[in-house]
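The values are calculated or read from the model by the stated rules, or taken from the named source; none is laboratory data. If you're wondering where the values come from, they're calculated on a predicted model, not measured in any experiment. Positions of Cβ are generated from backbone atoms using ideal geometry, with glycine treated the same way; all protein chains shown enter the neighbour counts. Areas reflect the complete protein model, heavy atoms only, side chains present, ligands, DNA and RNA absent. Shrake-Rupley method; radii C 1.70, N 1.55, O 1.52, S 1.80 Å.
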Amino acid sequence: RSKPNNCGKVIYFNDDKARDVIRRTYGDVESYKGVEMADLYRYAIIYMSGGIYMDVDVTCKIATKDWLSTYEISYIPDLIVGIEFYDPLQCVQWTFMGKAKSPILNHIIEYIKKYHLPKYPPGKDPVSRTGPVAFTAAILDFMKVHCGYTQSTQMNDVKASHFFCNEGTKIVILPYRAFATPGYHPKGIITTGKILIRHHFKGSWKN
């Protein structure tokens, strides 16, 4: 069915589907608590099927079919993410786009499995265990190895930042607030990048 504000056709997932995908991708579902299940599911299902992931409390300011052209992207990247804040750099994962079987999405899954799931106890720190901290760390790890990314690499505050990586992998990082409106806004940061979605921050995501 359709989501409001031009988000287009949307497929909603339920707990049973999420558990099945997580079990096949990460192992025993009893090891994951609350929002961790939703985090792990979103990485796996976009890797498996491709498309756009959005939390249920996200609405679209610009039609999804126009997202690429809005930021003058003339190809289909393996991953498109937006920035929540710069210091430290953190990408949002309440909305992102990915290509099925993309190496970067596979890396996100395997990196979190190897480094973040063993490091943090279930349910204690979901942001770091499975959420945006883990998501961002996995992306940056891939980009350092395959895309020439360094800590001094600057992200454009208005236009999309393009990374053309080894073996043809393409990653686009959208400017601050493309996917992160409203939200935390550090003092002195002003953006003129076009807003694609609005996140309404509804629900008790930590449960």
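Here are the numbers for the structure shown:
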item	result
Pairs beyond 22 Å (Cα-Cα), from Lys114/Lys202; Lys119/Lys170; Lys17/Lys99; Lys9/Lys61; Lys33/Lys114	Lys114/Lys202; Lys119/Lys170
Of Gln93, Ile108, Met155, farthest towards positive along the dipole that unit charges on Lys, Arg, Asp, Glu beta carbons give the chain	Gln93
Amide H within-cut-off set for Phe96, under 5 Å, with H built and near neighbours excluded	Tyr53
Percentage relative contact order, the chain, counting C-alpha pairs under 8 Å, at least six apart	25
Label selected from (1) 19.3; (2) 17.3; (3) 18.0, the criterion being Kirkwood radius over Cα pairs in Å as computed here	(2)
Heavy-atom accessible area per residue - the chain, 1.4 Å, Å²	51
Dipole moment magnitude, nearest 20 debye, the chain about Cα centre, only Lys, Arg, Asp, Glu C-beta charged	340
Unpaired by the 4.7 Å Cβ criterion, cysteines found in the chain	Cys91
Gain in span if fully extended, Phe13 to Val145, counting 0.36 nm per residue against the direct Cα distance	44.2 nm
Long-range amide H partners of Cys91 with built H, under 5 Å	Glu84, Thr136
Nearby aspartates and glutamates by direct alpha-carbon distance to Lys65 (threshold 17 angstrom, same-chain neighbours under 8 apart not counted)	Asp78
Low-density loop cleavage sites - chymotrypsin sites (Phe, Trp or Tyr not before Pro) in the stretch 40-119, where at most 14 other Cβ are within 10 Å (DSSP)	Tyr75
